[in-house]
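Student: Quick one: structure below, then a few questions.
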Amino acid sequence: MPGAIYAEGLVKTFGDVTALNGVDLDVPEGSVLGLLGPNGAGKTTAVRVLTTLIKPDRGKAVVAGIDVLRKPNDVRHAIGLSGQFAAVDEYLTGRENLRMVGRLYQLSGRDAKARAGELLERFNLAEAADRPAKTYSGGMRRRLDLAAALVVSPPVMFMDEPTTGLDPRNRQALWEVIQELVAGGTTLLLTTQYLEEADHLAHDICVIDHGRVIARGTSDQLKARTGGERVELVVHEREHIAPALGVIRAFGKGEPTVEEHTRKVIVPVSGGAKLLAEVIRELDGRGIEIDDIALRRPTLDDVFISLTGHAAASDEPGPDGSASGADGSGADGSVELKEEVAGP
Ligand SMILES: Nc1ncnc2c1ncn2[C@@H]1O[C@H](COP(=O)(O)OP(=O)(O)OP(=O)(O)O)[C@@H](O)[C@H]1O
Ligand SMILES: [Mg+2]
C-alpha cells in the first residue's frame with residue numbers, strides 16, 4: 001500500500017528548466033522523510049506539486065490517500081504546509097495571524113484563541129504577540145509561519161526548510177515540536193539544507209539533485225555508502241609517511257590513501273576509539289611523530305559531497321559537470337540502499 005505521501009514519475013519544467021525530472025517518493029504513515037538537496041535541486045517544486053500549488057507536467061501524486069491531481073481541494077483539507085517563505089499577514093499581529101488561521105480551519109473563537117496563545121508561548125513569541133508582524137525579525141516571522149502551520153494538526157505536513165534562519169535555541173524548539181507531532185502520528189515531509197537536521201529528525205532521507213532522486217535510505221545507510229569510519233593522521237615529516245602506512249595497514253579495513261602535500265594518511269577502520277588508542281601506541285613505539293590524528297565518522301555532509309560532488313549549500317555542479325554517484329547506481333541513476341550494505 002502506498003504511504004501517506006506518494007509520488008511517481010513527477011516531472012515539472014519551467015520553460016527550459018527541468019525542475020523535477022521523474023521523482024518517486026513513498027513516505028510511510030507516521031514517518032518523516034527528509035528531502036535533501038542543494039539550491040535549485042527541486043525541493044520546493046516537489047513540495048508545491050504535492051501540496052497542490054502547482055500541477056506537474058507528468059506523473060502521479062497521492063497524499064493522505066487522495067489523488068493530488070484529481071482532488072486538490074480534498075488534499076488541501078488533509079495537509080498542513082509551512083513554506084520556504086513565510087506567509088504571514090504583515091499588518092496583523094502575531095496573535096491575530098494565528099487566530100485567523102484557526103478560524104479558517106473552523107476552530108471555534110475560543111479554541112482559536114487558546115491555540116494561538118499556546119503556540120505563541122511554544123515559539124517564544126509571547127512577548128511580541130501583540131505587535132504587527134511587519135515589525136518582526138526574519139527569525140520571528142519564520143516562527144510565526146511555523147506556528148500557523150501547526151494551528152491544527154493535519155495528518156500530513158509539509159515543511160520547506162523550516163529552520164532556515166532560526167537561531168540554535170529556536171531550531172531546537174522546533175525539532176521538539178516536530179518530534180511530538182510525529183509521535184502523535186503525523187506524516188511529515190521536510191526539506192532541508194542542514195544535513196544534521198535530516199540526521200536528527202528523518203526516518204528516511206531522499207537526496208535530490210537536478211530534479212532527480214540520486215540516493216535514498218536511512219541516514220546510517222547513506223553514511224555506510226560513503227564508507228564507515230576512518231582514521232586520519234598527519235605525520236610530522238614526509239619521510240614518516242611510508243612507515244606510518246606500514247603501521248596503519250595492519251589496523252585498516254581497506255587500502256589507505258595518502259595526501260602527500262599535507263602528509264595525511266587516511267584509512268578506513270572499524271573499532272572506534274579503542275582502535276585509535278592502539279594506533280597511537282604503535283606509532284609512538286616506532287618513533288613516528290604525528291601532528292594530528294582523529295577518528296572520523298562520515299557526516300551526512302560527506303555523504304552529500306560523495307554523491308553530488310559538491311556541498312549541500314552550493315549551486316555548483318560537480319567537477320565533471322554532473323551529479324556523481326555512478327558507482328552502484330540503478331538504471332535510473334539512483335541508488336537504493338539496502339540494510340545489508342549498512343557496513344561495519
Ligand atoms: N516559477 C518558476 N519559474 C521558473 N523557474 C522556476 C520556478 N520555480 C522553480 N524554478 C526553477 O526550478 C529549479 C528548482 O527550483 P526549486 O525552487 O524547486 O529548488 P529548491 O531545491 O527548492 O532550491 P532552494 O534550496 O534554493 O530552495 C530551479 O532551477 C529554479 O530556478
Ligand atoms: Mg526551496
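Student: What's the FRET efficiency of ARG103 with ILE293 using the Cβ-Cβ distance as r and R₀ = 56 Å, to the nearest 0.05?
Tutor: 0.35
Student: Take the residue pairs LYS12/LYS71; LYS43/LYS71; LYS113/LYS134; LYS71/LYS113; LYS55/LYS113; LYS12/LYS223 and return only those whose Cα atoms are more than 24 Å apart.
Tutor: Pairs exceeding 24 Å: LYS71/LYS113; LYS55/LYS113; LYS12/LYS223.
Student: Using +1 at the C-beta of Lys and Arg and -1 at the C-beta of Asp and Glu, which of ALA198, PHE123, GLY309 has the Cα lying farthest in the positive direction of the dipole of the chain?
Tutor: Checking the options against the dipole of the chain, the answer is PHE123.
Student: Take every DSSP beta bridge with both residues inside the range 168-274 and express the antiparallel ones as a percent of the total, to the nearest 5.
Tutor: So the antiparallel bridges amount to about 100 percent of the total.
Student: Quick one: length gained pulling ILE266 to LYS60 fully straight, 0.36 nm per residue minus the C-alpha distance?
Tutor: Once the chain is fully extended between ILE266 and LYS60, it gains 69.6 nm.
Student: Then there's this: Taking the simple approach of a point 7 Å from Cα along Cα-to-Cβ for both ALA183 and GLU237, what is their distance in nm?
Tutor: Here the modelled spin labels are 5.9 nm apart.
Student: Label ASP284 and GLU127 with points 7 Å out from Cα along Cα→Cβ: what is the distance between them in nm?
Tutor: According to this spin-label approximation, the distance is 5.0 nm.
Student: Using the Karplus curve 6.51 cos²θ - 1.76 cosθ + 1.60 with θ = phi - 60°, work out ³J(HN,Hα) for each residue of the range 16-26 in order, rounded to whole Hz, and write x for Gly and Pro.
Tutor: Values, residue by residue: 9, 8, 9, 7, 10, 10, x, 8, 10, 9, 8 Hz.
Student: If r is the Cβ-Cβ distance from ASP89 to GLU196 and R0 is 25 Å, what FRET efficiency results, to the nearest 0.05?
Tutor: Here the calculated transfer efficiency is 0.20.
Student: Say each of THR257 and THR218 gets a label point 7 Å from the Cα, pointing the same way as Cα to Cβ; how far apart are those two points in nm?
Tutor: It is 2.7 nm.
Student: Can I ask one more? Give the long-range amide H neighbours of THR186: residues separated by 5 or more places, or on another chain, with amide H under 5 Å away, using H modelled in the peptide plane at 1.01 Å from N.
Tutor: none
Student: Select from LEU36, LEU98, LEU295 the residue whose mean-square fluctuation is largest in a Gaussian network model of the chain (Cα-Cα springs shorter than 10 Å).
Tutor: Of the options given, LEU295 has the highest mean-square fluctuation.
Here, each number is a calculation from the coordinates, and none is a lab measurement. Since we're looking at a predicted model, the values are computed, not measured. Neighbour counts run over all protein chains shown; Cβ positions are idealised from the backbone, glycine included.
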